[in-house]
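Reviewing the structure listed below.
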Amino acid sequence: TILVIGANGQIGTELVNHLRQVYGSSQVIACDIRRPDYDIKDAGPFEFVNVLDKENLKTIYQKYKPSQVYLLAAILSATGEQNPKLAWDLNMNGLLNVLDFCLEYKTHKVYWPSSIAAFGPNSPKADTPQFCTMDPNTVYGISKLAGERWCEYYHQKHGLDIRSLRYPGLISWKAAPGGGTTDYAIHIFHDALKKGTYTSFLSASTELPMMYMDDAIRGTIELMEAPAENINVRSSYNFAGTSFNPEQLAEEIRKHIPDFKLAYLENDPRQAIADSWPRSIDDSAAQTDWKWKPEFSLAIMTESMLTNLKK
Ligand code: VAH
C-alpha cells in the first residue's frame, strides 16, 4: 500500500488521483488531518493522520505496513510567517516522525517535497544551480533546507530510499492552493474568468519559477520510478517548468480574455518572500539523472487553466 499524507492539499489531491489510476484505489490510502471538503468520487480509502501524533502514526503504519509513503503535509511560506513555531514544528517534526516510522516499518520508497523556498537572498538568482549558497529567510524555507539535510542523512546513514524535488510555484485548478507566495498565479485565473480583473500581491516584474501541476505530478512519479542507482541527488533535485512574472502571465491571459485588467497591491508581505527566491532554476541534474523534461509552456498552461476553470 501507498500512504499519501497531506492528501487533501493542492498537490496531494492530484497525487492521490494519479496514484490510484496507476496502482488501484484500494492500494492508495489518502491520509490527512481533515476529511476532504468535497466527497471524493471514487471514495477511496481515507485515514485521519496527524504527523505530530506518534501513536496515531504507529497505528497507521502497523495497519498498512506501507511500501511507499508520500509526505506532503506542510505549512507553506506565507502562512508559515504568520505562525513560525507551528510551521517549524509541523514541517520539521512531522518529517522526522515519518522518517523514523519508514525506517522502523521498512518502507521501500519515500517521497518528500522541498521547494525553491530553500534558496535565499544570496543564492544565485538566475539559473540557480543544484549546489550553491542556500540562506532561506522564511520559516518554511528553513524547514525545507533542514528537511533536505535530514533526507540525505537518513539515506546515507540508514539506506532509506527517500527522494525529493524542489518544487517551483505550482499552478493547478482542481484543488485550492495552500497559503503560498505563488498563489497569485492561481487566483488570477479564477478572477480573470469571474471579474475580468485581478489585483496581484506581487509586483509586475516579480519573475518566479513556476510549473503546471500535470508536469509536477508526472515528474514526481518519474522520479519515484527511476532506478535507485540513477538517483545521485539525495537532498532534493532542482526541478524547473517555466519562469514568468505577473505581467507576462496577464499578457498570456489577454490572448483569451482581451480586456483582462491586472492591478497591483503595494507592500504585501509576500513580496519580500518572493524577492528572496530565485528567478529561474537550472535542473540539468534531473534532466541527466532521470530524463526530466517539462511539457507545459506558459501558453499551454494558460490555455489549460482557462479551459478547465470554464467547465
Ligand atoms: C509557496 N507554493 O508559495 C509554495 C511553494 C515555491 C512556492 O513552495 O510557499
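Spot the failing condition for Gln68; the list is (1) within 13 Å of the ligand (Cβ to nearest atom); (2) under 22 Å from Leu160 (Cα atoms), and only one is missed. Only one criterion in (1) within 13 Å of the ligand (Cβ to nearest atom); (2) under 22 Å from Leu160 (Cα atoms) is unmet by Gln68, namely (1). The set of residues from segment 95-154 being surrounded by 18 or more Cβ atoms within 10 Å (Cβ to Cβ) and among the β-branched types (Val, Ile, Thr) comprises Val98, Thr107, Val110, Ile116, Thr128, Thr138, Val139, Ile142. Any residue that is within 14 Å of the ligand (Cβ to nearest atom), out of contact with any Lys or Arg (no Cβ under 7 Å at 6 or more places or on another chain) and of a type in the set (Gly, Ala, Ser) - is there at least one of those in segment 208-224? Scanning segment 208-224 turns up at least one residue that is within 14 Å of the ligand (Cβ to nearest atom), out of contact with any Lys or Arg (no Cβ under 7 Å at 6 or more places or on another chain) and of a type in the set (Gly, Ala, Ser).
Restricting attention to segment 180-207, and to residues there that are of a type in the set (Gly, Ala, Ser) and part of a loop (DSSP other than H, G, I, E, B), which single residue is nearest to the ligand (Cβ to nearest atom)? Spell out the reasoning first.
Here is the first cut: in segment 180-207, the residues of a type in the set (Gly, Ala, Ser) are 180, 185, 192, 196, 200, 203-205.
Remaining after also requiring part of a loop (DSSP other than H, G, I, E, B): 180, 196, 203-205.
Values: Gly180: 2, Gly196: 25, Ser203: 16, Ala204: 19, Ser205: 18 Å.
So, considering only residues that are of a type in the set (Gly, Ala, Ser) and part of a loop (DSSP other than H, G, I, E, B), the one nearest to the ligand (Cβ to nearest atom) is Gly180.
Counted as qualifying within segment 85-179 are the strands (runs of 3 or more DSSP E) with 1 or more residues that are touching a helix residue (DSSP H, G or I) at 6+ places or on another chain (Cβ under 8 Å), among the small types (Gly, Ala, Ser) and free of Cβ contacts under 8 Å to residues at least 60 places away in the same chain, namely 169-171.
Residues that are surrounded by fewer than 14 Cβ atoms within 10 Å (Cβ to Cβ), in a loop (DSSP other than H, G, I, E, B) and at pLDDT 95 or above within segment 254-296 comprise Lys255, Pro258, Asp259, Leu265, Lys291, Lys293, Glu295, listed in sequence order.
The values are calculated or read from the model by the stated rules, or taken from the named source; none is laboratory data. All values reported here derive from a predicted model rather than from experimental measurement. Cβ atoms come from the backbone with ideal geometry, glycine included; neighbour counts cover every protein chain shown.
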